[in-house]
Structures are given as structure tokens and as C-alpha cells.
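This report refers to the structure that appears directly beneath it.
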Amino acid sequence: MPLLISMLMSGLVALVVTLKLYDGNQSLFFTWFNSWLSSWVISYPCLLVVIPLVKRIVAWVTHPAKSE
């Protein structure tokens, strides 16, 4: 799951940034692909670290209060 999420999210973010900064000098696809690849190299390891932390935080926040 982290592999697919990181690929999709970094791809979308790279596409938005590439379209915003695209100057037409190179192929749009190769410009986007280079941006995506460098983004994905960072996002995949980050997700591997962040997902377990987020699961703990969500479990802590949604844990029902003890009845006293």
C-alpha cells in the first residue's frame, strides 16, 4: 500500500508543479517524469516511517474513554 500511495501522490504533486513551472524547452512527459522520480525517492521511505506513527495517533485519538 505505501508503494502505490507514494507513487500516486508524488506523481500528482509532481504533475501540478511541472505544469505550473513548465517552460516548453523539453518534453512535458520527461520533465514530469524526472520531477516524479525525485519526489518518489523521498516520499516512499517517508511513508514507511510515517504510516505506523499515524496509525498510533489515530488509535490514541479514537480510543474510547474508560468508564469509571
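The values are calculated or read from the model by the stated rules, or taken from the named source; none is laboratory data. Computed from a predicted model, the values in this text were never measured in an experiment. Every residue, glycine among them, receives a Cβ derived from its backbone with ideal geometry; neighbour counts consider all protein chains shown. What goes into the accessible areas is simple: the full protein's heavy atoms, side chains included, and nothing from ligands, DNA or RNA. Shrake-Rupley method; radii C 1.70, N 1.55, O 1.52, S 1.80 Å.
Some points to look at:
- Residue selection: residue 40 satisfies the criterion of being open to solvent by less than 100 Å² (accessible area, probe 1.4 Å), of a type in the set (Phe, Trp, Tyr) and out of contact with any strand residue (DSSP E or B) (no Cβ under 7 Å at 6 or more places or on another chain).
- Inter-residue pairs, beta-carbon under 7 Å, first touching a residue at least 60 places away in the same chain (Cβ under 8 Å) and in the stretch 2-19, second surrounded by 15 or more Cβ atoms within 10 Å (Cβ to Cβ) and assigned to a helix (DSSP H, G or I), 6+ apart: none
- Each residue in the stretch 13-32 was checked for being exposed (fewer than 14 other Cβ atoms within 10 Å of the Cβ) and either acidic (Asp, Glu) or part of a helix (DSSP H, G or I) (or both), and 8 of them qualify.
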